[in-house]
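One structure is given below, encoded as structure tokens.
The values are calculated or read from the model by the stated rules, or taken from the named source; none is laboratory data. From a predicted model like this one, the values you see are computed outputs, not experimental measurements. Note that each Cβ is placed from the backbone with ideal geometry, even for glycine, and that neighbours are counted across all protein chains shown. Ligands, DNA and RNA are excluded from the accessible area calculation, which covers all protein heavy atoms including side chains. Shrake-Rupley method; radii C 1.70, N 1.55, O 1.52, S 1.80 Å.
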Amino acid sequence: MARYPWDSTGRAWSMSLFQAVYAHDLGTLQQYTVAIATRAAKIPGNISFDEAATLPSNIATAAIGIYGGRLDPPGARGPYQGAGYTAPWTEGGIGKYKYQPIVVIGGSSSVGQYAIQLAKLSGFNPIITTASTSNEEYCKRAGATHVIDYHATPYSALPAAVSQITTEPVELVYAAISSEEAQRAALEVVAKSGYVVLTLPPTIGALGERSDGMKVIFVMGSVNVPENYEFGDKMYAALPGLLARGDIKPNRTEVLLGGLAGAPAGVERLANNSALSHWFRNNGNGSGSKKPHDGLSKKFDTMVDMAPEKPRHAHADQFFSTKQYNIMVKDCFDAHFCTVTSAWAAAQAIPQQPGVEGLPSEDQLALLAGVMFEGDDLFQDVYDNWCQSFVKKGGKLVEVTLRAAFTHAVYHSQSDEFKKSLKQELDSIYDKAMDTYRQLLDSADAEKTPEYYHEMQSKAPHYLYPFAEHMSKRLGMNVSIMVYGPISAQEGAISVKSIHVGTTNDPASLEWMDAKPEACEAMVKSMCAFGEQCFTPEEHAACSSNHRVELQH
Ligand SMILES: NC(=O)c1ccc[n+]([C@@H]2O[C@H](COP(=O)([O-])OP(=O)(O)OC[C@H]3O[C@@H](n4cnc5c(N)ncnc54)[C@H](OP(=O)(O)O)[C@@H]3O)[C@@H](O)[C@H]2O)c1
């Protein structure tokens, strides 16, 4: 993206967004660059320069994956550019897929956010996505109708969760997050003739059309490869309108100080933030919470203190799985699972009795019960247990479930000596993590620097949002948290940081600052004025990110 003299007036909105290419003349991070005019879009006035930066790669990846067509000849990633749905910028495309379900895995990711918004424009319904509970509202604002917390409902259970939401076949699964477990779930969820769009290379099986008709696509999220030129031209022609109308909204952004030099700290923060959300999930009211709810004020105290996360002592068999799965379990399990899969396929081919839908028939059971694993009692037990629960509940064959049970059994079959040495290793890892944790607690009382304030203020949305969300749910009210004081990134000037949870109930569904901008502005002004009374010039200066530079001069 670059500043671009779109017209001779050189007005502030005369900027364009485009997707850069890894080449000197077409790349970014330089004063001047070249963009292909047909694949550049004017940034409308309602979108900031920073927000526009979230668009090019992410929306291309989402849009090409859903709307790109079949390629002839095949492109760099096979015969499918995308799942071939009609784009909303093509005539008849808006709302075309009414009542067709879609599953977007990883809805709170940048790519996932755009995939959800595009799915909404296309009319898909329900739009089912996976994300942490703390991002449920974010995904719903984008258009998701159902958000499944992948921590509380692991990917192995996703197919069952989806089938509780819709009985329609899911013809399209967009895996913005394409981890192996997500891929496995996508393949289980999708209908036989459907499409699975991946953002990473497939780790299970091949690309393209499979023998059962399912299409697996690894999207090339660039409009600057020849097979995507035409698609890119059309999408970029439509983008300014989509953005100006608010049909597509940019991702959440946060500007880091220091230009490129700010990037490493930003990456580090991403890692910290995931620890933070982890903390909230395990202590808050999220559906993943296993602990009883503790007091609201205690939660707030802990969040304000930004308490470092206390290490957990993993279970020995989990540690065994992480360390030894590939060495001691994988080959054996894969071989056995092959046998189970073919028995299962044969059993499924036997027609069910009318009226007993979902439950296994006698013939199916007989076939499954007859499977033996010569010389391997361990796996036989695991498999027999699975068969017994199949008899009671019916269901599907879920590889992850069998694999976990088999790994568990292999661990327990090891000698006491082996288990003891594994436990010692685990204890020593835990002790080291506890040492680091104690050091972090000690350093919490250290002198506060401008960098410290900047970092804490930048993290504010990540811990205030879940807190506001929690209050909103508890109180059944819309919640706005506004915090005022010297803002590090604004050279210590008094300003307000705010988080809003809850929207109006009318069809436009607006947050406070959009529904009543004058009221919100007046509140900010009033808080800033009060802030001026509360903080001394020294306190402003101590917070300023220029403070250190000034002192050095
Ligand atoms: N093929 C291409 O051309 C192309 C182009 C762009 C990106 N990509 C790939 O697309 C993927 C997404 O990129 P991005 O930039 O959109 O990611 P991102 O914004 O960095 O994604 C971060 C979010 O992913 C979510 N997440 C992490 N693990 C998850 C899981 N197991 N299930 C569901 N959500 C999970 C987390 O959400 P919560 O906080 O809600 O847990 C996190 O906030 C990456 O793998 C990237 O490499 C591919």
Problem - Sites Glu447 and Thr253 - FRET efficiency at Förster radius 30 Å, r taken between beta-carbons, to 0.05 - result: 0.45
Completion exercise
Rounded to the nearest Å, the spacing of the alpha-carbon centers of segment 79-144 and segment 473-536 is 30 Å
Completion exercise
Judged on accessible area alone, 1.4 Å probe, highest first, Glu518, Glu254, Glu399 line up as Glu518, Glu254, Glu399
Practice task
May I ask you to compute the full-extension gain from Leu365 to Ala515, defined as 0.36 nm times their residue separation minus their alpha-carbon distance, rounded to one decimal in nm?
Solution key: 48.0 nm
Handout entry: Residue-averaged 222 nm ellipticity for the chain, from DSSP H runs of 4+ at -39500 (n - 2.57), nearest 500
Key = -14500 deg cm²/dmol
Practice task
Using a 1.4 angstrom probe on the protein heavy atoms only, line up Met513, Met372 by accessible area, largest first.
Solution key: Met372, Met513
Fill in the blank from the handout: The simple spin-label model distance between Cys534 and Ile94, using points 7 Å out along Cα→Cβ, in nm, is 4.5 nm
Fill in the blank from the handout: Per its Cα gyration tensor (rounded if a/c is under 1.5, else prolate when a/b beats b/c, else oblate), the chain is best filed as oblate
Completion exercise
Residue span Arg245 to Ser342: 0.36 nm per residue of separation minus Cα-Cα distance leaves a gain in nm of 29.7 nm
Practice task
Pull up all non-local amide H partners of Ser495: gap of 5 or more, or a different chain, and H-to-H distance under 5 Å with H placed in the peptide plane.
Solution key: Gly485, Ile487
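Using a 1.4 Å probe and counting only protein heavy atoms, arrange Ile327, Ile148, Ile429 so the residue with the most accessible area comes first.
Per-residue accessible area, sorted high to low, gives Ile327, Ile429, Ile148.
Can you say what percent of the DSSP beta bridges in the chain, counting only those with both residues inside, are antiparallel? Round to 5. Before the final figure, lay out the partial values.
Details: 18 of 38 bridges.
Of all bridge pairs located within the chain, approximately 45 percent are antiparallel.
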Practice task
Could you state how much accessible area Cys520 has, in square angstrom rounded to the nearest 10, with a 1.4 Å probe and all protein chains kept in place?
Solution key: 10 Å²
Problem - Partners for Lys432 among lysines (Cα-Cα distance below 26 Å; same-chain residues under 8 apart left out) - result: Lys290, Lys291, Lys310, Lys323, Lys419, Lys420, Lys423
Completion exercise
Note on segment 56-244: alpha-carbon gyration tensor, axes a ≥ b ≥ c; rule is a/c under 1.5 for rounded, else prolate if a/b larger than b/c, else oblate; result oblate
Problem - Given charges at beta-carbon only (K, R positive; D, E negative), |dipole| of segment 316-416 in Debye - result: 360 debye
Handout entry: Cα lying deepest toward the dipole's positive end in the chain, options Val501, Gly208, Phe320, charges on Cβ
Key = Val501
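Take each uninterrupted DSSP H stretch in the chain, measure its Cα extent along the helix axis, and return the ones at 15 Å or beyond whose mean Kyte-Doolittle hydropathy is at least 0.0. Please list the in-between numbers first.
Values: long enough: 56-67 (16 Å, 0.88); 110-121 (17 Å, 0.54); 229-244 (23 Å, 0.35); 263-283 (30 Å, -0.59); 330-349 (28 Å, 0.25); 377-393 (24 Å, -0.68); 399-412 (20 Å, 0.24); 416-443 (40 Å, -1.11); 450-475 (36 Å, -1.14); 517-534 (25 Å, 0.17).
What comes out of the filter, once short or polar helices are dropped, is 56-67, 110-121, 229-244, 330-349, 399-412, 517-534.
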Completion exercise
Summing +1 per Lys or Arg and -1 per Asp or Glu among the other residues with Cβ less than 12 Å from Met527's Cβ gives 0
Handout entry: Charge dipole magnitude, Cβ of K and R +1, D and E -1 - segment 56-244, Cα centre, debye nearest 20
Key = 200 debye
Exercise for the section: Might you work out the accessible area of His313 for me, using a 1.4 Å probe with all protein chains in place, and round it to the nearest 10 Å²? Expected result: 90 Å²
Handout entry: Estimated FRET transfer efficiency when R0 is 25 angstrom, pair Ile429-Tyr22 (beta carbons, to 0.05)
Key = 0.05
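What's the extension gain from Gln30 to Asn326 if we count 0.36 nm per residue and subtract their Cα-Cα distance? Write out the running numbers ahead of the final one.
Numbers: separation 296, 0.36 × 296 = 106.56 nm, distance 4.55 nm.
Full extension from Gln30 to Asn326 adds 102.0 nm.
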Exercise for the section: Calculate the dipole size of the chain relative to its Cα centre from +1 charges on Lys and Arg beta carbons and -1 charges on Asp and Glu beta carbons; express the result in debye to the nearest 20. Expected result: 920 debye
Handout entry: Met523 accessible area, assembled protein chains, probe 1.4 Å, Å²
Key = 80 Å²
Practice task
Could you check the simple spin-label distance between Ala541 and Gln318, using points 7 Å along Cα→Cβ, in nm with one decimal?
Solution key: 5.0 nm
Problem - Distance (nanometres) between label positions extended 7 Å along Cα→Cβ at Tyr437 and Ser526 - result: 4.4 nm
Fill in the blank from the handout: With Asn251 itself left out, Lys, Arg at +1 and Asp, Glu at -1 over residues whose Cβ is under 13 Å from its Cβ give 0
